[in-house]
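For reference, the structure is listed below as structure tokens.
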Amino acid sequence: TSLILRSAFTMQHRVNLSNCSSQLEMLLLFSILLVSVVVNANTFQVSNLYSVRTCLVDFIGDTSCTPTPVSNPIRYQTQPVRNPGQCEDTVEQRGSLSYVDLTLPTSKVLFVEVTTNVAGQGDDSFFVRPSRLTELWGTPTVSGTTASFYLAGTGQFSVEFAPSSIWRDLSLANNFDALMLFVNPPPTLHPPAATELIEQNSNLSTLGPNKSYRFAAGLTYDWGQDKVFHVLDNTAIYFEENSYVRARVVQTTQKVSDVTISGYGVLDNHYSPVDYDVPGKTDDGSRQTIHILGKNINIFGLTLVNTNEDCAEFGYALNVNANWAPIADYPDDNVFEAGELQNANPPYQPRQAHCQEKNMDDSPNTDFTNCPTSRDDGAKVSFVKAISWQMGQDGINAGKYGTVSDSFIRVVDDAIKPWDSGALYQNIVIWQLPLGWPINLGWWGWTQKDENTVVDSIYLIHNQNWMTSGDWPTTKSGQCVVGGVYGSSSIKSGYRISNIYVETACSCAVGLEISKNAYSRHLTPDGCVGSIQDLQITNMYFDEEFYQTGGYNNFLSGERNPNPGCEGDFAGEISNMVISGVVNGRDLSESDFTIPRPGTVPGLTFQTVDPAPTPIPPPTFTPVSAPTDAPVPIPTVAPTLSPTDAPTVAPTAPPMAEPTSAPTLAPIIPTVAPTVLATARPTNLPTVAPTRAGNKVTVDVVIETDENPQKVIWKIKIGTNVFASGRANGNPYVMPVELDSETEYKFVVIDKNSFKDTFYEVWKEDDVLIAGDGFGRKDINFFQV
């Protein structure tokens, strides 16, 4: 079809209509051209590689509904770059990505049936990744090219009719036809009077202040050139479902407050700007899809894609308060260029900081208007999906005190960038394509403290950067899961990176180097680079051995030859670092690392991981029949970062699971939370053993604690058999469990908090069966129902 349409456009330019032999010939030509224009006006393709059918049920194992085709389009992308073989920035990434948005109502479970039409798929292996999350929702049923399974929580899930071995094959991995299911919570909306519809031919370029806007459901917005919207204070932009907008949202000439961009639409960074470096549009020569300076910046639900057809078109998917760039208030004849900090040493130009503590030349910044001061007014990014196809198109950076949660990143460069103080990156699914670090710790940040950021529960379903680790970086460090070549004058300290789950081929765990010669760097006036102190990277779980193609390894090195006077915090050391991990069942140890100058890495410690999580074996398949899993309580949307419970009752005529109809209202950020725990594994969902004979009785497990609820684990057992288990995730935490009547059970509770303040009860209707508190680390109690 694309060849036919392309030929039609060629005819439009080459045929002289006056020479047509007949009016019929002209009519036929115009008909072809009209069809080509109509089809191409729809700027996305619909996938025919997969069919997806869904319905809603009340609990896992419920087989009472009949799945029907999803109503939202299954969008389709391939490598968009023209002549990708002539563009090294594609890093040979081909294949395709099909994806669809679904909505999961509170207290419901999604029953999914997927059929693949991709040649060679089926009858081999099948995964729904992240496996760490989906394994507790039952075993998939697979028959040939069709599979069915349950999704009991929101998130982003890769459906794969393929064995894990293909991720060690460069050609197969780079040409894989992928399917992603984006399972979203229901949004919350403004009153209709609060919105202004943006027309498809609108000349608007400035949005706000104190206004709300919406892009209409099902419409494609395409201005035929780079379109940039500038946002002001107190502005809301809502993307109605299936809106498709080829534009960017940028505000870098001033710091703004209270900006909300939300909805289940697509924002496509498609066109190359006419001018290379225009303040407020293409700052520092990049084309960022969303780039905003300020506080209370909220981004929810969007799919951010980059379909630029030109080679070497750089730009993040999402960037808030970038710590390496100035506010864009410079004159047109002295614009900031990223090259000022690439292979460059001080003195630097006196570029004005936005929220950094110092300006680029290390003079103090005195203007902190509209700068976040805590996570309360830092950026909030959730349920965002970032997709790109060539290097230089990085993922997400939420800036100082920013929070990124429940999001998906599939890019050919660094995925998440925890580069600033007080940030939180949590419950993120990453598919790392052939270049970049999944968790990059920094390049060229300006001089300031960078402390106490948390990265927790990262699900790295694929890490294809082994394809380029032999060539980049130039030291013996590969592009590992965590790391970077750190050339920043910021002193990084107190970072906590934990619970990192790596499912398939991966080159290495940690590759971190501090260097005053980093390609991208910002040094102090004396040419010093900041140290990294008290960094803990713990509980990394690799389901397979490292897959390396030679010339690199896990790697740690501080600055090997600091300039005179570069001492203490600016000695460029990696000090008091803690690492723990398990690689295919064995402990990650110092013998896995290349450390060329141990004196630059003082106080390095290797520990063992938490005992609870273990690598997951490949799933086995049930016979082709209706799922037979016992009912499992399902999490609901709640105003915390943890799921709550759901009924375990039989359903009555469940509604069909389709994406919700496109709202006609403007947005506010939903007061929802992810249904995935920020813990080692989502054991808040009880795992229930096969049912026994006898009448069923529902009991409620209640746990209260003022410490970290997720560190309290419970089990209901008979002997050594576990009939239900879970992990608390709220205060109070209540979880209903179905048990057999007239049976004695053993209740075990383990409190991993340092301060023991946990109280527990097991209720049957209005009766307390057992209770306990002040028990220390572990308590065992017996009860009968």
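Histogrammed with a bin width of 10 Å, the alpha carbon distances of region 244-296 distribute as 23, 49, 27, 1 percent, first bin at zero.
Subtracting the Cα-Cα distance of LYS449 and ASP610 from their residue separation scaled by 0.36 nm leaves 54.9 nm. Let me know the shape class of region 466-516, please: from the alpha-carbon gyration tensor, a ≥ b ≥ c as square roots of the eigenvalues, rounded when a/c is under 1.5, otherwise prolate if a/b is greater than b/c, or oblate. Cα axes put region 466-516 in the oblate bin. Which FRET efficiency value, to the nearest 0.05, do you get for ASN48 and ARG82 by plugging their Cβ-Cβ distance into 1/(1 + (r/R0)^6) with R0 = 22 Å? Calculated value: 0.40.
Under the 0.36 nm per residue contour assumption, what length would be gained going from the current alpha-carbon distance of ARG94 and LEU197 to full extension? Taking 0.36 nm per residue and subtracting the Cα distance, the gain is 33.4 nm. For region 286-398, with all protein chains present and a 1.4 Å probe, just round the carbon and sulfur fraction of the accessible area to a whole percent. The C+S portion of the solvent-accessible surface of region 286-398 is 48 percent.
Shape analysis of region 85-243 places it in the oblate category; the axes a ≥ b ≥ c from the Cα gyration tensor give an a/c of at least 1.5, with a/b not above b/c. Applying 1/(1 + (r/R0)^6) with r as the Cβ-Cβ distance of PHE775 and TRP223 and R0 = 51 angstrom yields a FRET efficiency of 0.20. Is the shape of region 408-530 best called rounded, prolate or oblate, per the rule: a/c under 1.5 gives rounded, else a/b larger than b/c gives prolate, else oblate, with a ≥ b ≥ c the square roots of the Cα gyration tensor eigenvalues? Verdict is oblate for region 408-530.
Could you work out the equivalent-ellipsoid semi-axes for region 702-753, taking the square root of 5 times each eigenvalue of the Cα gyration tensor, largest first, in whole Å?
22, 12, 7
Were the residues from TYR547 through VAL697 laid out at 0.36 nm apart, the gain over their Cα-Cα distance would be 49.1 nm.
Normalised per residue, the accessible area of region 287-393 is 32 Å², obtained with a 1.4 Å probe and no contribution from ligands, DNA or RNA. The alpha carbon convex hull volume per residue for region 198-321 rounds to 89 Å³. Across region 134-212, Cα pairs under 8 Å and at least six residues apart give a relative contact order of 23 percent. Solvent exposure of VAL274, expressed as accessible area, is near 130 Å², computed with a probe of 1.4 Å over the protein chains only. Taking every DSSP bridge with both residues inside region 538-614, close to 20 percent are antiparallel.
What the phi angles of region 378-385 give under the Karplus curve with 6.51, -1.76 and 1.60, with θ = phi - 60°, is a coupling list of x, 4, 10, 10, 8, 6, 9, 10 Hz, glycine and proline written as x.
At the listed q of 0.14, 0.15, 0.17, 0.18 Å⁻¹, the Debye profile of region 325-441, built from one uniform point per Cα, gives log10 I(q)/I(0) equal to -0.72, -0.81, -0.98, -1.05. What number comes out for the charge environment of GLY218, summing +1 per Lys or Arg and -1 per Asp or Glu over other residues with Cβ under 9 Å away? Taking every Cβ under 9 Å from that of GLY218, the sum is -2. With Cα atoms defining each centre, region 58-93 and region 378-454 are spaced 22 Å apart in the structure. With 20 Å as the limit on Cα-Cα distance, the pairs of LYS492/LYS711; LYS227/LYS417; LYS281/LYS400; LYS715/LYS752 that go past it are LYS492/LYS711; LYS227/LYS417; LYS281/LYS400. A crude spin-label estimate for the pair ASP367 and ASN234, with each label 7 Å from Cα along the Cβ direction, gives 2.2 nm. Counting only heavy atoms of the protein chains and using a 1.4 Å probe, GLU738 has close to 70 Å² of accessible surface. Note that region 361-370 has calculated 3J(HN,Hα) couplings of 8, 6, 6, x, 8, 10, 10, 10, 4, 6 Hz, one per residue in order, obtained from phi through the Karplus relation 6.51 cos²θ - 1.76 cosθ + 1.60 (θ = phi - 60°); glycine and proline are x.
Distance from the alpha carbon centroid of region 260-305 to that of region 128-144 works out to 35 angstrom.
At the residue level, PHE606 shows approximately 50 square angstrom of accessible surface with a 1.4 angstrom probe and all protein chains present.
On a 1.4 Å probe surface of the protein chains, which of ARG586, ARG351 comes out largest in accessible area, and what is the full order?
Ranked list, largest accessible area first: ARG586, ARG351.
The values are calculated or read from the model by the stated rules, or taken from the named source; none is laboratory data. Given the structure is predicted, the values throughout are model-derived calculations rather than measurements. Using ideal geometry, Cβ is built from the backbone for each residue, glycine included, and neighbour counts are taken over all protein chains shown. For accessibility, only protein heavy atoms count, side chains too; no ligands or nucleic acids. Shrake-Rupley method; radii C 1.70, N 1.55, O 1.52, S 1.80 Å.
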